[in-house]
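Engineer: Just dropping this structure here.
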Amino acid sequence: MTQTPSAQASLRGLEGIRVLDLTNVLSGPFACHQLVHFGAEVIKVEAPGRGDLARQLGADPDLNARGMGVSFLAQNAGKKSVTLNLKHPEGKALFKRLVADADVVVENFRPGVMDRLGLGYDTLRTVRPDLVYCAISGFGQDGPWRDRPAYDQIVQGMAGVMSVTGDAASAPLRVGFPVADTIGGLTAAFAISAALNARPRGALIDVSMLESVLAAMGWAVSNFLIAGVAPGAHGNENTTSAPSGTFQALDGPINIAANKDEQWLALARHLGRDDLLDHPDYATREDRKRNRLALRDELERVLRTRPAEAWAQELAALGVPTGAVLSVRDVLATDQVAGRGFLHAYSDVPGVGADIRVATTGVKLNRTAPHVDRPPPVLGQDNAAIWGALGLSEDEIARLAADDVI
């Protein structure tokens with residue numbers, strides 16, 4: 001009889017892996033957010049006195065002033081925090097001592113910064129030959145754009161994302177969350193996990209946010225590369241099929257994707273519009289695509305008579321992919337999200353003085369959603385423990401703090 005591995009064992013696939021997180025704001029912290037949830041020990045190495053810039057970012061000015069901004073809280077649970085001045089000779093020496101006992105280093109400085117500090121990959125692998133070193137940047141470590149500064153919106157624009165977002169009247173339009181940073185972080189976490197599994201171990205990983213986003217735009221990019229069709233901004237219409245897009249119900253918008261013929265049949269019949277099935281303008285998928293706007297008007301005559309969620313439940317039961325268009329507030333309150341363990345709560349978080357809830361990973365393994373027990377750390381929270389473990393005495397730690405090394 002085959003035994004199912006325990007949920008806890010499966011969730012700790014990176015247990016025993018030590019990651020040094022030198023990153024700021026989002027792409028790198030988000031990558032390490034994934035790693036810590038699967039068991040890695042992640043140590044944030046932060047600049048003394050200020051730390052990760054995300055500590056000062058977010059919708060709550062009071063938390064920003066305390067160095068515990070919402071942007072920081074969102075992706076740093078489970079991590080440890082030490083402060084270290086990488087520009088100071090003693091700081092460089094201490095960092096190398098940390099690297100000697102680490103498996104992974106992650107940084108998202110501009111290309112060349114770590115080399116100028118004397119702490120680049122070629123230097124660090126002399127300290128730890130099997131080191132996995134991941135550098136995340138806007139455009140990669142080489143190429144004519146390598147030295148350009150890049151934030152999420154810059155990459156969205158340069159990757160073509162904004163050109164295909166919105167409609168003819170509103171494009172180019174920024175996606176409403178930092179999609180380039182997030183995809184770059186996921187790409188880094190995936191590559192790091194793969195590199196840790198390689199034998200012999202040891203790798204330099206160069207993650208380009210631009211290329212990560214282009215990879216995620218596979219369909220749009222391939223339509224151009226293979227079919228010669230340049231992607232455009234089509235708003236809420238799915239141009240690959242019809243009826244497929246956003247429609248107006250009685251109380252708000254609803255998404256319907258009747259992409260298969262059987263779904264189209266079920267939709268038309270449930271709406272009492274069997275007449276459309278015999279209409280020559282809608283006989284085939286290509287006919288429906290050519291006449292999609294007229295077809296939308298016909299369907300909305302019925303859809304506008306009832307609430308979106310009522311239609312969604314009925315059509316989904318018939319196998320027609322359908323869903324109301326929800327706000328973030330609304331979807332987080334649903335039983336679907338709240339009941340799966342996706343959100344994790346921390347009580348009376350140090351530096352915050354209140355309870356918080358944060359998102360985890362969107363993954364379940366053996367029916368269990370991974371989470372970490374430690375809330376996001378205050379700046380330098382683990383200085384005594386981490387530096388003490390390297391053999392530094394309390395007096396030495398106090399002296400290094402006074403000298404702005406830590």
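The values are calculated or read from the model by the stated rules, or taken from the named source; none is laboratory data. Because the structure is predicted, anything quoted here is derived from the model rather than measured. No Cβ is skipped: glycine too gets one built from the backbone with ideal geometry, and neighbour counts run over all protein chains shown.
Engineer: If you scan the range 314-369, which residues turn out to be on the phi > 0 side of the Ramachandran plot and of a type outside the set (G, A, S)?
Structural biologist: Hits for the range 314-369 are D348, N366, R367.
Engineer: Whether any residue in the range 169-183 is loosely packed, with under 13 Cβ neighbours inside 10 Å, in contact with a Gly (Cβ under 9 Å, 6 or more places away or on another chain) and either touching a residue at least 40 places away in the same chain (Cβ under 8 Å) or in the same structural domain as A135 (by TED's automatic domain parsing) (or both) is what I want to check.
Structural biologist: yes
Engineer: Which condition number in (1) modelled with pLDDT of 95 or more; (2) more than 30 Å from T126 (Cα to Cα); (3) under 25 Å from the mean Cα position of the chain (by Cα) is the one that L250 fails?
Structural biologist: The single condition L250 does not satisfy is (3).
Engineer: Inside the range 317-349, can you point out the residues that are acidic (D, E) and closer than 26 Å to P377 by Cβ?
Structural biologist: So in the range 317-349, the residues acidic (D, E) come out as 330, 335, 348.
Once the filter is applied, which keeps residues that are acidic (D, E) and closer than 26 Å to P377 by Cβ, the range 317-349 yields only D348.
Engineer: Still on this model: Pick from the range 212-235 the residues that are of a type outside the set (A, V, I, L, M) and in contact with a Pro (Cβ under 8 Å, 6 or more places away or on another chain): which of them is surrounded by the fewest Cβ atoms within 10 Å (Cβ to Cβ)? Even if it seems obvious, please write down each step before you answer.
Structural biologist: Taking the range 212-235 first, the residues of a type outside the set (A, V, I, L, M) are 212, 218-219, 222-224, 228, 231-232, 234-235.
The next check asks that each one be in contact with a Pro (Cβ under 8 Å, 6 or more places away or on another chain); those that pass are 223-224.
Working: N223: 16, F224: 13.
Only one residue fits best here, namely F224.
Engineer: Name the one entry in K92, K87 that is within 21 Å of L379 (Cβ to Cβ) and part of a loop (DSSP other than H, G, I, E, B).
Structural biologist: Matching residue, one of K92, K87: K87.
Engineer: Follow-up. With the checklist (1) under 15 Å from G319 (Cα atoms); (2) in a helix (DSSP H, G or I); (3) aliphatic (A, V, I, L, M) in hand, flag the one item I256 doesn't pass.
Structural biologist: I256 satisfies all of (1) under 15 Å from G319 (Cα atoms); (2) in a helix (DSSP H, G or I); (3) aliphatic (A, V, I, L, M) except (2).
Engineer: Please note which helices (runs of 4 or more DSSP H) are completely contained in the range 293-357 and include at least 3 residues that are surrounded by 12 or more Cβ atoms within 10 Å (Cβ to Cβ).
Structural biologist: Once the helices (runs of 4 or more DSSP H) in the range 293-357 are filtered for at least 3 residues that are surrounded by 12 or more Cβ atoms within 10 Å (Cβ to Cβ), what remains is 308-317.
Engineer: May I pose another question? Considering every residue within the range 374-383, establish whether at least one is in a helix (DSSP H, G or I), of a type outside the set (K, R), more than 30 Å from L332 (Cβ to Cβ) and in contact with a helix residue (DSSP H, G or I) (Cβ under 6 Å, 6 or more places away or on another chain).
Structural biologist: No - not one qualifying residue is present in the range 374-383.
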